[in-house]
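Peer 1: Mind having a look at this structure? Questions to follow.
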Amino acid sequence: MGFLCLLSFGQAPTESSVTGQVVEYLTGEPFQYVDVVIYPHDNDSSQLAGNITDREGKFEFKGLKAGKYKLVAKMMNAVPQVKTFALVDDNEQLELGKIRIEMEFTADSALIEGKRSVYAVKSQKRIYNVSEDLVAQTGLLTDVLRNIPSVTIGVDGNVSLRGTSNITYLINGRPSALLRNNPMAVLSQIPANNIERVEVITAPSAKYRPDGAGGIINIVLKKKVKDGVNATIQGNMGNLQRRGLGLNLNYNLGNVNLFGNYAYKSSETPRDIMDERIDKDGRGGIESSFTSLEDITFGARSHIASAGANFEVGENGFFEIEGNYIFINNNNISTTDWTVNDLQLRNFTVDRNYDGYEIEYDLGVAYEHSFGEDHELTFDFAYDFFDEREDNFYREIYTNPSNGLVDSRNLILKVGPTIETAIDYVRPIGKESELEVGYFGQFIDNDITTLIQDQVGEVWNTNEGRSSEFVFEQNIHAVYANFGHTFDVLSITAGLRAEQALITSNLITTNTVVPNDYFKLYPSLNLTYELGDFSEIYFNYSKRVNRADPDEQNPFPEYKSPRERDAGNPLLLPEQIHAGELGVLVRNENLTFAPTLFYRYTFDAFTEFWEIQEDSILHTSFTNSDSYQEAGLEFALIGSYKNTLQYNWSSTIFYNEIDGSNLGLSGRKSNITWETKANIQASLTNATFLQLNAHYQSERLTPQGAFKPIFLLNGGLRQDILKKRASIILMVSDVFASLIFESVVDTDLLFRQTNYGRNRQIVQVGFTYNLRHSGKRSKVEGIPFEDAIEKTRLPIPEKE
């Protein structure tokens, strides 16, 4: 059986041509090295031609005669996709458009040896396949984020990307109000088994919003697309009252795919927190000191659900509608023993009972229309509404110098919608160039109400001096353009984004309106140079921005406790960041090595400034410092051995320089920090798998102090049962109970040292069961699945 010549550019221009592109089902990202095979329409065993997709996911067949054909596109760990077509005559030029493939490895696909890598590196994106991580079977999203190179999580739950916590979070490519306003609380409650993958984009093009100094973390939820009805049931339980339940469903009718999932999580996490503060006089003397020892239990439960549908509209359209719902309830109980030494020694205890919730629901609609190869128009609309309630009850019990009780209540309500709309148009210019233009609009309206009450006898009296209402409005209009061109082995994409931000802070309590509008330009540049078939060097640059969120612009104090409060600044300028990276990708069948140099220069930087006010209140405010710069070298090594071992190792070295002179600090400060991570997954038997994750982070610099080093080791074991349709998972988090968080602030006016950690391992046992779908997995329209795999696995051709 002979193959038709597929890449012969010297043939007569009148011969037939069949072209198309293979892309990822949800994101539209091109897939390279996908096998594409042509069969006669009525003969499943007679292969006519085979090819593989190029770097842009494209393929081409030439010389086919008039007739009906069947095209099969397939790759390892994905359901083969079939598309039928017909050629009317021998010289027809036919464009098949996009063929969408969903990557997935489950017990149903065990006919294929091996599985996808947990971690993959590309020139503009890092991809962590959560469904291949054992932690995902029982843990939370924060547990998975700890394993991702470039991403760091402190004991307090704060997430940072390459040393900065200023990150833009997306869910399925769309923003989340809760993740924008309170990412720590939400990320620590999202069950990891609801996540398909996490994408980290450190230097986005002008198409993407410029928000986030570190870049973008996109959380892609699971949406199965196998034919028929499919379901996965998951459950887990562990110490510290950890419980979890998950259900993923989809019903694929061929042209229409319906999907939905639900997850429940609950936990109680104890922590001990020590906070020591010394108020200095600026001349080396001590004016007062404060010490608190807090015993707190964080109780949390969450319900997360989503549902939607996607389907093709005609020959060239693709439509998706999706809704998400998140409910998180927190009930925290704490007792804090205070010692205050100012004019006299005082001792008292503060009992706190916190009951709060966060609710978010959103609806997203997207439509994509293809006019031909790489020529398409996309519309996106998203409506997001969030409702947050923080209800704190405090009882202060005084024992020295006299006895007494003070009861108070601190109620904070946050509510508001966010609407986003986008239009994107992509058109090829010739065969080597592409132009992309678009519009993006974002409309935010948030209301923050704070009610402070004091109890006198049985009556609660409102403290008018501390209660407040603040309304924040932010409208952003942006237009952008990207132009890309390929010169043989060099690809260039240059972009420019223009944004007008209209921001108004309404201080309802004082009847004051503070405008803070601005216009900014955000350029981007992406260069990729192919060094060979399996290696490349790349350079990415983008200008980024960090906009103050409503809390950071609300000037009315928000009390975290009777003696600790935050106050925003409605005149905060946006942080502006120049971010660049230079990297190399070297890979073969079993190994990928990716060293990357990165640099960030930030001006008008946000800074939290701590000081003691009103005798004993720790007051935190926000201001713009001068500037700071960060640089680093990041290594990533990803490999496998004989389908029995997968490993990835990463290490990052940071250089950090901060200028806090305009804050009254001692000029420039700099230091070098580093962190390293290792992940190993081993197949002990055909049905037994082991995973180990280790992470170490050295001391980190802040404008007024530093964060001390941390170390963490997690381990997991999975045993497949019932012919691999089900699995039992054992996970141990923080094996050595070593996760202790320590921060230090040390200036001429204030010394503060904080230590907290849970000091206990978390042990969980999980169970997963996959219900087989009703469609025939062993065949694809009459083509034996094993034969489709073997017959179409072609060697990668030599580069001409």
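The values are calculated or read from the model by the stated rules, or taken from the named source; none is laboratory data. Values in this document were obtained by computation on a predicted structure and should not be read as measured data. Please note: Cβ atoms are built from the backbone with ideal geometry, for glycine as well, and neighbour counts cover all protein chains shown. For accessibility, only protein heavy atoms count, side chains too; no ligands or nucleic acids. Shrake-Rupley method; radii C 1.70, N 1.55, O 1.52, S 1.80 Å.
Peer 1: Which of the residues that make up region 322-357 are open to solvent by 20 Å² or more (accessible area, probe 1.4 Å), among the aliphatic types (A, V, I, L, M) and modelled with pLDDT under 90?
Peer 2: Leu343, Leu345
Peer 1: Here's a follow-up. Residue under question is Ile503, and the condition is that it be surrounded by fewer than 17 Cβ atoms within 10 Å (Cβ to Cβ), hydrophobic (A, V, I, L, M, F, W, C) and either modelled with pLDDT of 95 or more or part of a strand (DSSP E or B) (or both); does it hold?
Peer 2: Answer is no for this residue.
Peer 1: Scan the strands (runs of 3 or more DSSP E) fully inside region 382-500 and keep the ones with 3 or more residues being closer than 23 Å to Leu521 by Cβ and of a type in the set (A, V, I, L, M, F, W, C).
Peer 2: The qualifying strands (runs of 3 or more DSSP E) are 404-429, 433-456, 468-487.
Residues checked against (1) within 29 Å of Val545 (Cβ to Cβ); (2) of a type in the set (Val, Ile, Thr):
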residue: Thr462; (1), (2): no, yes
residue: His477; (1), (2): yes, no
residue: Ser505; (1), (2): yes, no
residue: Ser524; (1), (2): yes, no
residue: Glu530; (1), (2): no, no
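Peer 1: Could I ask something else about it? Does region 394-416 contain any residue that is modelled with pLDDT of 90 or more, farther than 30 Å from Ile333 by Cβ, surrounded by fewer than 16 Cβ atoms within 10 Å (Cβ to Cβ) and out of contact with any Gly (no Cβ under 7 Å at 6 or more places or on another chain)?
Peer 2: No, region 394-416 has no match at all.
Peer 1: Any residue in region 306-316 that is in contact (Cβ under 8 Å) with a residue 24 or more places away in the chain, farther than 30 Å from Ile577 by Cα, buried (at least 21 other Cβ atoms within 10 Å of the Cβ) and within 20 Å of the chain's Cα centre (by Cα)?
Peer 2: Within region 306-316 (the criterion being in contact (Cβ under 8 Å) with a residue 24 or more places away in the chain, farther than 30 Å from Ile577 by Cα, buried (at least 21 other Cβ atoms within 10 Å of the Cβ) and within 20 Å of the chain's Cα centre (by Cα)), the answer is yes, since at least one residue qualifies.
Peer 1: Regarding region 270-290, can at least one residue be identified that is surrounded by 15 or more Cβ atoms within 10 Å (Cβ to Cβ), farther than 30 Å from Gly20 by Cα, within 37 Å of the chain's Cα centre (by Cα) and of a type in the set (Ser, Thr, Tyr)?
Peer 2: Among the residues of region 270-290, not one is surrounded by 15 or more Cβ atoms within 10 Å (Cβ to Cβ), farther than 30 Å from Gly20 by Cα, within 37 Å of the chain's Cα centre (by Cα) and of a type in the set (Ser, Thr, Tyr), which makes the answer no.
Peer 1: I need the full set of residues from region 516-530 which are surrounded by fewer than 13 Cβ atoms within 10 Å (Cβ to Cβ) and either charged (D, E, K, R) or over 24 Å from Phe483 (Cβ atoms) (or both), in order please.
Peer 2: Asp517
Peer 1: Tell me which residues, restricted to region 531-552, are assigned to a loop (DSSP other than H, G, I, E, B) and either open to solvent by less than 40 Å² (accessible area, probe 1.4 Å) or at pLDDT 95 or above (or both).
Peer 2: Arg547, Ala548, Asp549
Peer 1: Among (1) buried (at least 17 other Cβ atoms within 10 Å of the Cβ); (2) under 25 Å from the mean Cα position of the chain (by Cα); (3) of a type in the set (Asp, Glu), where does Glu469 come up short?
Peer 2: It fails just one condition, (2).
Peer 1: Determine whether Pro555 is touching a residue at least 40 places away in the same chain (Cβ under 8 Å), in a loop (DSSP other than H, G, I, E, B), surrounded by 21 or more Cβ atoms within 10 Å (Cβ to Cβ) and not acidic (Asp, Glu).
Peer 2: No.
Peer 1: I've got another one for you. Residue under question is Ser491, and the condition is that it be without any contact (Cβ under 8 Å) to a residue 60 or more places away in the chain, within 30 Å of Glu589 (Cβ to Cβ) and either open to solvent by less than 70 Å² (accessible area, probe 1.4 Å) or touching a His at 6+ places or on another chain (Cβ under 6 Å) (or both); does it hold?
Peer 2: yes
Peer 1: Output the residues belonging to region 709-725 that are open to solvent by less than 50 Å² (accessible area, probe 1.4 Å) and free of Cβ contacts under 8 Å to residues at least 60 places away in the same chain.
Peer 2: Answer for region 709-725, where residues must be open to solvent by less than 50 Å² (accessible area, probe 1.4 Å) and free of Cβ contacts under 8 Å to residues at least 60 places away in the same chain: Leu713, Gly715.
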